[in-house]
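Laboratory data are not the source of any read-out in this text; all were calculated from the coordinates shown. Note that this is a predicted model, so its numbers are computed, not measured. Quick reminder, even Gly has a Cβ in these numbers, built from the backbone with ideal geometry, and neighbours come from all protein chains shown.
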Amino acid sequence: MVFLEDFTRVSTGLRLPIEGRVERCLRCGRSGIEGRSPDGIRLVIHSQTTELLGDGMLVVPRDCCAVPLPSPGLSRRTGKDPRPPGGH
Ligand SMILES: [Zn+2]
């Protein structure tokens, strides 16, 4: 049995028991769940098929966007902030 799950019709902010929180994709603006490719790239999965096997489940993303994580070496600030920390 193969089930197709379409997360684009789920409201963002909802928390699904298995898949986790539904968020808005930064690339296409549709809803999706967070996933990770075998290479460690962050994905937003918009739809996937779940196949029930004898010894578990096989989940295959059908429609997803790769959303690169911000590089830890790059700060949003390009220079030193002259103002003292703490103030907004
Ligand atoms: Zn997307």
Assertion target for E5, E34, ordered by fewest C-beta neighbours within 10 angstrom first, is E34, E5
Here Rg/Rh (Cα, Kirkwood) for region 2-66 equals 0.97
